[in-house]
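Take a look at the structure set out below.
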Amino acid sequence: MRRRAPSLLTVLLTALTALLLAAPPAFAHTELESSSPADRSRLARTPATVRLAFSEPVELDDVHVTADGRQLTVHRSGRGDDTVEVTVPKTSGRSRVALVWQVLDMKDGHPTSGTLSFRLAAKAAPDAAAPTAPEPSEAVHTAWVTVRWAGYLALALYVGGLAFLALLWPQGTLDRRTRRLLTLSWATGLAASLLAPGLQGAYGSLGTLGDVFQRATYTDLLGTEVGVVAACRVLMWVLAAIVLAAVLQGGDRAARSPGWRVGALAVSLGLLRTTSMTGHNSEGTHPGWGAVADLVHLLGVSLWLGGLTLLLLGVLPRRRPEELSAVVPGYSTLAGVSVAAIVAAGAVLTWQVVGSFGALLHTGYGRLLLLKLAVLALVLALAQRSRGWVRTRLDIAVLLRGDRATVRPFVHSVAAETGLVLVVLAATSLLVTSAPGR
């Protein structure tokens, strides 16, 4: 058993390397492919219209073009859903026309922006430098990352906590700390699902924190695919309240019943799927594989972190020998399977989103992903240490009836492992709200 885990990790890391070497470049987010007239063209006069061709279909409401701070009219060009035309007002006394464009990705709501500049042959007085592309608010981005982190944490604690109770510790439904933790995770998940659309809408429209609570921010987003997914996620958290209430009222009997388990499984899968649909898994050359891998990845993290937290805050403080002997080995096995699933799914997602070693090493997104992998490797080392304690010291701890000094090394290891997984979740939140390839 001690040699099998390292060999499995070696196989998975080798597979990740092969995937990255064989992967074609992945295209993330909507980009401007060309314009007519072309950028930096020299023109005799100000063009009446400028045609913009994007890398994928766009909604008119998601395309914003300004000149000298004025919003310009955008309309369809008749050349497909990926092309629009912009009406440009006539200018006089200028030697250059500069247009600042910004477009939202239809799948995840991330903005992409840039500047087009045209030189005019009829020179006049020197004009101001071309405006730079607008940047989203850092305050909005920070709040969005924080809410996404809280949402991921709540999801992991809720889904992983319910699975831990159903599979390993049904009597934990009567534990006060466990009940409070599950209730808090549900409330946090619902709050995050309500706040995230407003923050994403304000971020995409280059707004401020004050725009998060504007009705227009939500109504504009709800008309998109991102908004529909966000509404479905809120609905799933409402249904999750019913599942949670049933097990809190029914106790261990409910946790063991097939009916409740089927309901909990359905709601958990719904929460996991609606959360994964707002990530980068739909991008790249094989979005179907990305969707499956993201679902498996989130499920593995939930089972791992949710179980770790209930083990740390629920099972270990009680120091009951019968619970230690029944729950700890079972969770050790469940965590091993979860980690294998996380690494395998993470390899597919890395290939899907990053696409090459060059993007992994030379982009901010790739370097953040490498940092996440480094922290994950440290977590796996701690997890291996915990598994070693289970193999060699659990029997002694049970014989000593959960003696505090005997259990303390395991508690410290689990606590450190839990804290580092929270850091991994923070890196995940930054990755989801960042643009790959940048």
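The values are calculated or read from the model by the stated rules, or taken from the named source; none is laboratory data. No experiment lies behind these values; they were computed from the predicted model shown. Note that each Cβ is placed from the backbone with ideal geometry, even for glycine, and that neighbours are counted across all protein chains shown.
Overview of values
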quantity: Matching entry among VAL337, VAL296, VAL390, VAL398 (being within 30 Å of ARG177 (Cα to Cα), under 20 Å from the mean Cα position of the chain (by Cα) and either at pLDDT 85 or above or in a helix (DSSP H, G or I) (or both)); calculated: VAL296
quantity: Criterion violated by LEU153 - all others in (1) among the hydrophobic types (A, V, I, L, M, F, W, C); (2) at pLDDT below 95; (3) under 19 Å from ASP252 (Cβ atoms) satisfied; calculated: (3)
quantity: Residue that is modelled with the lowest pLDDT [pool: residues in segment 212-263 that are over 20 Å from SER185 (Cα atoms), surrounded by fewer than 17 Cβ atoms within 10 Å (Cβ to Cβ) and among the β-branched types (Val, Ile, Thr)]; calculated: THR219
quantity: Every pair of residues 6+ apart whose Cβ atoms lie under 9 Å, when the first sits in segment 29-40 and is over 9 Å from ARG51 (Cα atoms) and modelled with pLDDT under 85 while the second is basic (Lys, Arg) and assigned to a loop (DSSP other than H, G, I, E, B); calculated: HIS29/LYS107; HIS29/ARG438; THR30/LYS107
quantity: Residue identified as in contact with an Asp or Glu (Cβ under 8 Å, 6 or more places away or on another chain), touching a residue at least 12 places away in the same chain (Cβ under 8 Å) and either within 21 Å of MET277 (Cβ to Cβ) or not in a loop (DSSP other than H, G, I, E, B) (or both) among ALA202, ALA192, ALA246; calculated: ALA202
